[in-house]
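The structure appears right after this line, and notes come after that.
Every read-out reported here was derived from the displayed coordinates using simple, explicitly stated rules and does not represent laboratory data. Please read these numbers as outputs of a predicted model, since none were measured by experiment. So basically every Cβ, Gly included, is an ideal-geometry build from the backbone, and we count neighbours across all protein chains shown.
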Amino acid sequence: MGTILIQKIKDFIKKVKTKLDQINDDMKLSLKDLGDDLTNRRMTSRVKAFIGSCCIFIVFVFSMCLLVTKGKHSDIQNTAVNENTVEESYNTSDFIPPTDENYDKDAVKIDTEKLKDTIAAESEDAGEEYINETLFIGDSNTVRMMNYGYTSLENTLAVTGMGIQSVPTLKCIEFEGYSSPVTMIEAVKIMQPRRIIITFGTNNAGGMDVDTFIKKYKEVLGQIHEAYSYADILINAVPPFHKVNHYPSLSMTMVDKYNVALAEMAEELGYKFLDSASVLKDPETGFAKDDCTVNDGIHITKVGFEGMFTYFRTHSYITEDTRPKPLKAVPKQKGTVYVISGDGKISHDPKAFGDMSDKDTNVTLPSVLPDVNSSSSTQVTTPEPEPVVQHSHTWDSGSVEKQPTEDEKGKRVYRCTGCGETRTEDIPKKEKKHEEPAPVVQQKPVEPVTPPAQPEAPKPEVPEPDSEPESGDSDNQGNGNVDQPQESTPEPTPEKEPEPEPEPEPESTPEPESESASEE
């Protein structure tokens, strides 16, 4: 851009010089025709003086252009994140905010009766689940919500020193896996929240009139709805200031006017309004209660946030979840804290989210929040800091991230219900399954039951006359080795011994004949 500008200036100078030379030649010819030497000399000196003045003017313009171009290059190089300058000033040039010298807490009040359908009604305590599925968008006080563990990076989009006008253009949210930051509106689409609670106005109350503030707010709400229309939007009130604070340009009168205008805007657009400022205000003075802000009078303490989040949970707004299912995977925020400086640029805050506490308000703020000790500095130092609040983790029941197998251990992730921090534990490997053979039932060997050796029936022999059968043990007939035991014959089972069959009697035995004869 600088090179093109310089080239255009050079071309312009060349044209001017050519034109001046032409004028000079024409004047010389005219003077020569007149023939008046004296007049000629006088006119020539005047022309020379005119030409010299023109050259001096051109050199001056050229030098200023170079300075402007150099300044623009320097600004681009010094910007922490490219193209992240705030387009508009925090101050409206013709607007002078009212002072709080004669602040009247009843002068500007929300008409609760007229807006009863717009102001979130009291409900049962919706619990931590309601908070965890809500996305919180805002400035440094929203950053501090994470400091005390009421929210986490998974449901917070916040930048210190941010005003409502910066939301559409400021690329300030960094996600893992993304090459460059995105705007809060783009981040809403990525995070797919169930509902949104948005809180802006603290950094606008010292220099932006109500009409401009509401105009910018409407633009932001419209773009959020267009980016992700499934989320319910709740507009949170601007928190009150303490009567004694470090920023005399800020005005509680403007805060009251902002909140009335926000409630009326919510009714017009069909959103819900959260009057959380009512729990932070001192009913006697209208300013913030003594224990609800830190010593700078602007940033909220843990006591203040406890009251605010109790209000959120007991004025819940729950509608049907119409988000497309399943939800897309949400990348993790890198946790970078940004701060908007007085010249409208953003830079990285050296403090991490978890390290900020009530004593850590020594941050660069917009020019509408000047240091009470110096009109030229925007550095704010908080005296007598409150003690650092030690956060005690409350772990949930955990969720299985990786199932164990026989070869690898599993993983279970536990998350703190307060700050969102996680810890991981290993799940032991599964025991390997060994296929054991079916148990063998050992049976007693069945001993074969061998009947006692039966004597073979003697072959009937026809005895010779007057001869008698051979005498001998009938059991040994047909067995030539009766003294040796039989090798394969086990002992008979003693259950029941079969009765031996009677030996057949030879048919030729004369005794039966005599018996039969006697019977006859």
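Proximity of backbone amide H atoms, modeled 1.01 Å from N, is registered between residue 231 and no other residue at under 5 Å, excluding neighbours fewer than 5 places apart on the same chain. Across region 121-165, the mean sequence separation of Cα contacts (distance under 8 Å, 6 or more residues apart), normalised by length, yields a relative contact order of 40 percent. If you take all other residues with their beta carbon under 14 Å from the beta carbon of residue 115, and give Lys and Arg +1 and Asp and Glu -1, the sum is -3.
For the cross-link pairs 334/402; 189/272; 189/218; 10/171; 109/216, the ones whose C-alpha atoms lie over 28 Å apart are 10/171. Just need the relative contact order of region 272-317 here, percent rounded to a whole number, with Cα pairs under 8 Å and 6+ apart. Worked out over region 272-317, it gives 36 percent. Over all other residues within a Cβ to Cβ distance under 12 Å of residue 218, the charged ones net out to -2, with Lys and Arg as +1 and Asp and Glu as -1. Say R0 is 51 Å: what FRET efficiency, to the nearest 0.05, do residue 20 and residue 189 get from their beta-carbon distance? It comes out at approximately 0.30. With K and R counted +1 and D and E -1, the other residues having a Cβ less than 12 Å from that of residue 285 yield a net charge of -2.
Stretching the chain fully between residue 176 and residue 57 yields a gain of 37.5 nm (0.36 nm per residue, less the alpha carbon separation). Potential lengthening of the chain between residue 230 and residue 399 amounts to 58.1 nm, from the contour at 0.36 nm per residue minus the alpha-carbon distance. Maximal additional length on extending the residue 10-residue 133 stretch stands at 38.3 nm, based on 0.36 nm per residue less the C-alpha distance.
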